[in-house]
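One structure is given below, encoded as structure tokens.
The values are calculated or read from the model by the stated rules, or taken from the named source; none is laboratory data. The shown structure was predicted, so the numbers you read here are calculated from the model rather than taken from an experiment. Reconstructed Cβ throughout: ideal geometry from the backbone, glycine too, with neighbour counts over all protein chains shown. Heavy atoms of the whole protein, side chains included, go into the accessibility calculation; ligands, DNA and RNA do not. Shrake-Rupley method; radii C 1.70, N 1.55, O 1.52, S 1.80 Å.
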Amino acid sequence: MSGSRVLVLNSGSSSVKYQLIDMRGGSRLAVGLVERIGEGGGSRVKHTPADGESREWTGPVPDHDAALKAMAAELDRDGLGLDSPELAAIGHRVVHGGLRFTEPTVIDDAVLAEIERLIPVAPLHNPANLTGIRTAQSLRPDLPQVAVFDTAFHTTMPESAARYAIDVETADAHRIRRYGFHGTSHAYVSRETARLLGRAPEDVNVIVLHLGNGASASAVRGGRCVDTSMGLTPLEGLVMGTRSGDMDPAVIFHLMRVGGMSADEIDTLLNKRSGLTGLCGDNDMREIRRRVDAGDERAALAFDIYIHRLKKYIGAYYAVLGRVDAVAFTAGVGENSAPVREAALAGLEGLGLAVDSGLNAVRGDAARLISPADARVAVAVVPTDEEMEIATQSYALVNEECNPLLT
Ligand SMILES: Nc1ncnc2c1ncn2[C@@H]1O[C@H](COP(=O)(O)OP(=O)(O)O)[C@@H](O)[C@H]1O
Ligand SMILES: CC(=O)OP(=O)(O)O
Ligand SMILES: [Mg+2]
């Protein structure tokens, strides 16, 4: 293998994020985002080459295939086209890998079929991931395509955390268990937190709070995940932008029997019209905080419900781990919202958890501590970098596959 560049694709339900990374030195040659895919003329493309101005346009991007072609055209304009011999691999974030995929995997027809089979348990994500892979294959059929699975990091969870307390035969027949998601981020952030503390990951217990549009918490003991808040699908756990997180499953029967709703309608309700959006009409934490500060009661209640759930998980994972060295906040909300971080830990001084309000208010892109100097448990803001992690894992895998001494 001669090339040293990896293109990373993170295809979501209505967006594609991409980065072209040179693995010699780890520099990002281009970073881009196609969002609001399929929303008529309202799609937006933003492309930033490392050595040039950002380009931004809005216009029709009808589907994920078109989004990837728009990305390819933007890369071409910078002389970074997909036909470059410098490209060593394309790395794809794939959300659901079931139990089969515990490691990054070179994609072949059997891998594609398995990702497709898992669509019912990741209906918002796996279809977009598949389109990303198929379009990338059509653009560069000769290049290794690598899948890096959100579920992989969580496969170390013990059965006591991974199983639901339902009839074992029924669960096994349908492979119903807790898989967990955002694993690439939880792995990266827990490792970076150990580095920030100047300790080996094997010696550190961390509660990672990945708070983006989708949100999940995990308990990481010595670098291995022992529990996480998402389950069979990315619907369980924390209150999210548009997803409900935990609730009594009987709500679903009630909505069917008494509310006359179909399974598909309830699926849409819980995945797309719930969470912060369902509670107050907004899913963006910036807007919610603006409304809270202006005295909006619905936004204030939505914020309180979000924080209450988060605090419950922090307490639960404290108990699961027994000893906690650090709590790490990451992703869009975790990295940027000082009010969320402060409220989530308020009143937990008895657990050794506290936030220094001066440090918490400082903005920045680097991993940093926000707990008081004498705190028993470190509290950190650790920006996640799923793309670099996917690129690193993909590049390592294709190099390994090319090394005759290793095969
Ligand atoms: N400056 C900010 N302050 C508060 N929240 C923010 C800020 N910037 C982004 N966010 C939140 O982060 C969310 C997006 O997080 P991100 O991790 O990018 O999500 P995803 O990867 O799921 O698209 C937004 O919906 C918004 O709620
Ligand atoms: C798994 C998941 O919820 O991903 P995202 O946060 O990208 O929607
Ligand atoms: Mg994300």
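Glu297 versus Gln137, label points 7 Å from Cα toward the beta carbon: distance in nm?
Label at Glu297, label at Gln137, 5.6 nm between them.
In Å², and per residue, what accessible area does the stretch 199-386 have when probed at 1.4 Å with the other protein chains present?
I get 44 Å² per residue for this part.
Mind listing the long-range amide H neighbours of Ala328? Cut-off is under 5 Å, sequence gap 5 or more, other chains count too, H placed in the peptide plane at 1.01 Å from N.
Ile207, Val208, Leu209, Ala380
Over the stretch 5-149, give the accessible area per residue in Å² for a 1.4 Å probe, as an integer.
41
How much length is gained if the chain between Ala263 and Arg36 is pulled fully straight, taking 0.36 nm per residue apart and subtracting their Cα-Cα distance, in nm to one decimal?
Computed gain between Ala263 and Arg36 is 79.1 nm.
Given the Cα-Cα distance of Met256 and Asp356 and 0.36 nm per residue of separation, how much length would full extension add, in nm?
Length difference between fully extended and current span is 31.3 nm.
Could you work out what % of the accessible surface of the chain is carbon and sulfur, using a 1.4 angstrom probe and leaving DNA, RNA and ligands out of the count?
C and S fraction of accessible area: 52 percent.
Determine the calculated [θ] at 222 nm for the chain from helices alone, applying -39500 (n - 2.57) to every DSSP H run no shorter than 4 residues and normalising by the residue count; nearest 500 deg cm²/dmol.
-11500 deg cm²/dmol
Expected output is a single nm value to one decimal: the length gained when fully extending between Asp248 and Ser54, i.e. 0.36 nm times separation in residues minus the C-alpha distance. What is it?
Full extension of this stretch gives 65.2 nm more.
Rounded, prolate or oblate: which fits the stretch 202-360, taking a ≥ b ≥ c as square roots of the Cα gyration tensor eigenvalues, rounded meaning a/c under 1.5, else prolate when a/b beats b/c?
The shape class here is oblate.
Need one word for the chain: rounded, prolate or oblate. Basis is the Cα gyration tensor (sqrt eigenvalues a ≥ b ≥ c); a/c below 1.5 gives rounded, then a/b vs b/c decides.
Rounded is the answer for the chain, as its axis ratio a/c remains below 1.5.
Which whole-Hz ³J(HN,Hα) couplings does the stretch 309-316 yield from phi under the Karplus relation 6.51 cos²θ - 1.76 cosθ + 1.60, θ = phi - 60°, glycine and proline marked x?
Karplus values, whole Hz, x for Gly and Pro: 5, 4, 5, 4, 6, 4, x, 4.
Please list Glu236, Glu400 from largest to smallest accessible area, probe radius 1.4 Å, with all protein chains kept in place.
From most exposed to least exposed: Glu400, Glu236.
Could you state how much accessible area His254 has, in square angstrom rounded to the nearest 10, with a 1.4 Å probe and all protein chains kept in place?
110
Tabulate in residue order the Karplus-calculated ³J(HN,Hα) for the stretch 197-214, using 6.51 cos²θ - 1.76 cosθ + 1.60 with θ = phi - 60°, rounded to whole Hz; enter x for Gly and Pro.
7, x, 10, 6, x, 5, 9, 10, 9, 10, 9, 9, 10, 8, 10, x, 5, x
Could you sort 220-230, 324-334, 270-280 so that the peptide with the highest average Cβ count within 10 Å comes first and the rest follow in order?
By packing density, highest mean first, the sequence is 324-334, 220-230, 270-280.
Note down the nm distance, to one decimal, between modelled labels 7 Å out along Cα→Cβ at Ala373 and at Arg44.
Result for the modelled spin labels: 4.2 nm.
Once phi is turned into θ = phi - 60°, what whole-Hz ³J(HN,Hα) does the Karplus curve with 6.51, -1.76 and 1.60 give for every residue of the stretch 152-164, x standing for Gly and Pro?
Karplus-based 3J(HN,Hα) across the stretch 152-164 equals 4, 5, 8, 6, 7, 4, x, 4, 4, 9, 8, 8, 8 Hz.
Any idea what Rg and Dmax come out to for the stretch 5-149 if you just take the C-alpha atoms, in Å?
In order Rg, Dmax, the Cα atoms of the stretch 5-149 give 14.8, 43 Å.
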